[in-house]
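Data first, discussion second: the structure below is written as structure tokens.
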Amino acid sequence: MSKLVLLGSKKQAKEFDLNRDRIMIGRSSENDIRLVNATVSRHHALIVISMGNTVVEDLNSKNGTHILSKRVEKRSRWENGAAQAYEEVNVNAKRVKKYLLEHGDIIKIGKYRFRFINGSDGLSNTVELERPSLSKLEQSMSAQAPHTNIVEVT
């Protein structure tokens, strides 16, 4: 199963299983992942999972949704009359409207950064994080919203 991992938290790392077709992210309590900060719009972004692909879509948020990704591209160049193969690493940091996520991409929403872990490509074991225990607040939120196992981030 694919997931988002919250980066840079001084507390235990938080993981969010992407276990539904559509997951809303934003400041409002109506969202599946609630980010309580003024840099996040009420309905900021949507994660859509379809046919093995995961897409993040910005919902016309004020501060935008940004992707920081690292791509390795195989290229060739002519040296001494022969083609020489080499790899070029590109690190992107761009504001997106819709973006097809790849394993390892970082999604920036307001002040928060999440790493996308694609569980369907067999690489999900490259990041090992301990599952955080639920606080009393998170347990009560889960009881109020049984349709989701995703909790608020402050």
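Filter the range 25-47 down to the residues that are open to solvent by 20 Å² or more (accessible area, probe 1.4 Å) and under 18 Å from residue 66 (Cβ atoms) and list them by number.
Within the range 25-47, 27, 37, 38, 39, 41, 43 meet the criteria.
Could we say that residue 13 is open to solvent by less than 80 Å² (accessible area, probe 1.4 Å) and either out of contact with any Cys (no Cβ under 7 Å at 6 or more places or on another chain) or without any contact (Cβ under 8 Å) to a residue 24 or more places away in the chain (or both) here?
yes
State which residue is farthest from residue 108 (Cα to Cα) when the search covers only the range 1-40 and only residues that are polar (S, T, N, Q) and within 16 Å of the chain's Cα centre (by Cα).
Checked the range 1-40; the qualifying residue farthest from residue 108 (Cα to Cα) is 19.
The values are calculated or read from the model by the stated rules, or taken from the named source; none is laboratory data. Everything quoted here is computed from the prediction, not taken from an experiment. All Cβ positions, even for glycine, are placed from backbone atoms using ideal geometry, and neighbour counts span all protein chains on display. Side chains included, ligands, DNA and RNA excluded: accessible areas come from the protein's heavy atoms. Shrake-Rupley method; radii C 1.70, N 1.55, O 1.52, S 1.80 Å.
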